[in-house]
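The values are calculated or read from the model by the stated rules, or taken from the named source; none is laboratory data. Being a predicted model, the structure only gives us computed values, none of them experimental. Cβ sites come from the backbone with ideal geometry, for glycine too, and all protein chains shown count toward neighbours. For accessibility, only protein heavy atoms count, side chains too; no ligands or nucleic acids. Shrake-Rupley method; radii C 1.70, N 1.55, O 1.52, S 1.80 Å.
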Amino acid sequence: MLDDAGLQALRDAARLSPDNLPLRQHLAGQLLAKGYLGEAEAEYRAALVLAPKDADITAGLAEAFVRQSAFGAALAALEPLLTSSAYQPKLGVLAARALLGEGDTAGAAYRYHEAVSRDPSVGDPDLAARLSAPPVTPYAAPPAPASPYAAPAPHASPYPAPPAPAPAPAPADQATAEVERSKLTFAEVAGMEAVKESLRVKLLLPIQQPDLFAAYGKRAGGGVLLYGPPGAGKTHLARAAAGELGASFVNVGLADILDMYIGSSERNLRATFDLARRNRPCVLFFDEVDALAARRSDMRQAHTRQLVNQFLAELDGVDQNANEGVLVLAATNAPWYVDVAFRRPGRFDQPVFVPPPDPAARAAILRILCRDKPLAEMDFDAVARVTDHFVGADLKGVVDRAVEVKLQQSISAGRPIPLSTPDLLAAAQSVRPTAVREWMATARNYVMHANDSGAWDELMPWVKGKW
Ligand code: ADP
């Protein structure tokens, strides 16, 4: 494995020749081996832009996801390849790890058995031991033609169907997502003035001034796609939009929708939209929407295409009034994976970029995060100056860390000691910012190499900046 200097040299080389696929792939592999998972993910994503559907790159990306516990993202990345009957068995093992991470032990066991029966060398005894199914020896005999773990037919689900006889799918007419009442408002969202303004016009004004909008033939409803680096505040913003509007908030995660049984995911999706419709006005928020709304061109798999089609049908509504008062917000770190059909008028027609915070916004975020804590006189600007590349989630990490330390000191002293600027400065030293720089590197690839439609023009000034 490379030492740090070697790795840095590789990074520099890749930056100088961003189109050199073998170089980027090698860099990604080294990053993964050394545990720089966020950066490895970004490199693999960048490499996939250059070589979409490459099995080794996809495997690397999926591994980076699994090791970051982003199991849904790993499955979404693997899915297009797993539908081919000739897929590489190592991809099956990765899918098994992701399925196990999602709590789907039966599905994981099935996928694992199948992979190992096709290539015993991919066996992973630790994984086998964690699966509740009888442990599989990595030296299992090659598959007999009638093996129940034979490769799925080209149109089988990429999520493993259990061996026959398959249990009947449970009826899923009840949504698992819950309805929240958000107390947050835009006052608790620091910075992002342009983003808040855009949400106000798109979401809030039509509800607050329906007559004006009706006069122009516009109705309340529709969707907004929020995209940007992880931790920049997309979920926070969506929750605040609901609070600002006095609307209910339904936060939908991948686990609420995706189901291994064919047809169940579509039913879950319909039930979730129905839940929002029963609670209007409602902000219906889909996190990690790229996994649900992935480009259909990337999918050779009929079942997943159906899910995308169902999502589009729900967004459009069965009749004109179906989604009146239901505002659909969706968030993604990877907007380039979202099917263009989602960007048609009336759907997520205006993607909104949620940028990493500038120094003034970082100071404002810190002020909000520290608001209810015992404080000495604070110089938030000083902390903002030393937290380049930190997003909201990182700043929250800094404040949490500083509070922990202060709490310990207060317990020892037997009295509350207020949080001070040096505490935050010290905590900032110990928090490593999440992968904004890497995200920008991926975004730069799309802006430079895959922006024919101008969809990513908004990112141009950002990716040209210094990261
Ligand atoms: P994302 O959905 O983009 O991954 P989150 O919304 O989960 O990011 O952000 C993580 C946390 O960071 C939030 O819970 C919030 O506490 C804090 N945060 C992020 N952005 C802001 C902001 N602009 N103002 C105040 N807090 C923020």
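If you put +1 on each Lys and Arg Cβ and -1 on each Asp and Glu Cβ, how big is the dipole of the range 179-353 around its Cα centre, in Debye rounded to 20?
180 debye
Quick one, what does Rg over Rh come out to for the range 179-286 if you take C-alpha atoms and the Kirkwood Rh?
1.00
What are the ³J(HN,Hα) couplings of the range 278-290, residue after residue, when phi is run through the Karplus curve with 6.51, -1.76, 1.60 and θ = phi - 60°? Round to Hz, x for glycine and proline.
6, 10, 6, x, 9, 9, 9, 10, 9, 8, 6, 5, 4
For the chain, with every protein chain kept in place, what is the accessible area per residue (1.4 Å probe, Å²)?
45 Å²
With unit charges on the beta carbons (Lys and Arg positive, Asp and Glu negative) and the dipole taken about the Cα centre of the chain, which residue among PRO22, PRO357, TYR87 sits farthest to the positive side?
It is PRO357, whose Cα lies furthest towards the positive end.
Just name one of SER265, VAL398, ALA384: the one whose Cα is farthest towards the positive end of the charge dipole of the chain (beta-carbon charges, Lys/Arg +1, Asp/Glu -1).
About the Cα centre, the residue reaching furthest to the positive side is ALA384.
Using alpha carbons only, how many angstrom separate the centre of the range 79-112 from the centre of the range 401-452?
Centre-to-centre (Cα) distance: 35 Å.
Using Cα pairs closer than 8 Å and at least 6 residues apart in sequence, work out the relative contact order for the range 5-132, in percent.
15 percent
Counting alpha carbon pairs within less than 8 Å and at least 6 residues apart, what relative contact order, in whole percent, applies to the range 359-429?
41 percent
For LYS196, list the lysines whose Cα falls under 17 Å from its own Cα; do not include residues on the same chain fewer than 8 positions away.
The qualifying lysines are LYS183, LYS234.
Can you give me the relative contact order of the chain as a percent, contacts being Cα pairs under 8 Å and 6 or more apart?
Taking the mean separation of contacting Cα pairs over the length of the chain, I get 14 percent.
What is the chain by shape, rounded, prolate or oblate, if you read a ≥ b ≥ c off the alpha carbon gyration tensor as root eigenvalues and call it rounded for a/c under 1.5, prolate for a/b larger than b/c, and oblate otherwise?
oblate
For the range 359-429, compute Rh as the Kirkwood radius over C-alpha pairs and then the Stokes-Einstein diffusion coefficient at 37 °C and 0.692 mPa s; write the answer in µm²/s, rounded to an integer.
273 µm²/s
Let's see if you can work this out: charge +1 on each Lys and Arg Cβ, -1 on each Asp and Glu Cβ, no other charges. What is the dipole magnitude of the range 11-93 about its Cα centre, in debye to the nearest 20?
That gives a dipole near 100 debye.
Could you please state how large a percent of the accessible area of the chain is carbon and sulfur, counting protein chains only and using a 1.4 Å probe?
The C+S portion of the solvent-accessible surface of the chain is 55 percent.
Treating the range 5-132 as a set of equal point scatterers at the Cα positions, no solvent, please give the Debye-formula log₁₀ I(q)/I(0) at q = 0.17 Å⁻¹.
Rounded to two decimals, the profile gives -0.84.
Dipole size in debye (nearest 20) for the chain around its Cα centre, Lys and Arg Cβ +1, Asp and Glu Cβ -1?
360 debye
Along the charge dipole of the chain, which of LEU307, LEU31, VAL49 sits closest to the positive end, that is, farthest toward it, with unit charges on the beta carbon of Lys, Arg, Asp and Glu (+1, +1, -1, -1)?
Going by the Cα projections, it comes out as LEU307.
Each residue of the range 440-451 in order: what ³J(HN,Hα) in whole Hz does its phi give by Karplus 6.51 cos²θ - 1.76 cosθ + 1.60, θ = phi - 60°, with x for Gly and Pro?
Those phi angles translate into 5, 5, 5, 4, 4, 4, 5, 4, 7, 10, 9, 10 Hz.
Per DSSP helix of 4 or more residues, -39500 (n - 2.57); summed, then divided by the residues of the chain. What does that give at 222 nm, rounded to the nearest 500?
Per the formula, -15000 deg cm²/dmol.
Between LEU375 and residues 5 or more places away or on another chain, which pairs have amide H atoms under 5 Å apart, with H built 1.01 Å from N, and which residues are they?
Long-range HN contacts for LEU375: LEU419.
Go through the range 33-38 residue by residue and turn each phi into a ³J(HN,Hα) via Karplus (6.51, -1.76, 1.60, θ = phi - 60°); whole Hz please, and just put x for glycine and proline.
4, 8, x, 7, 6, x
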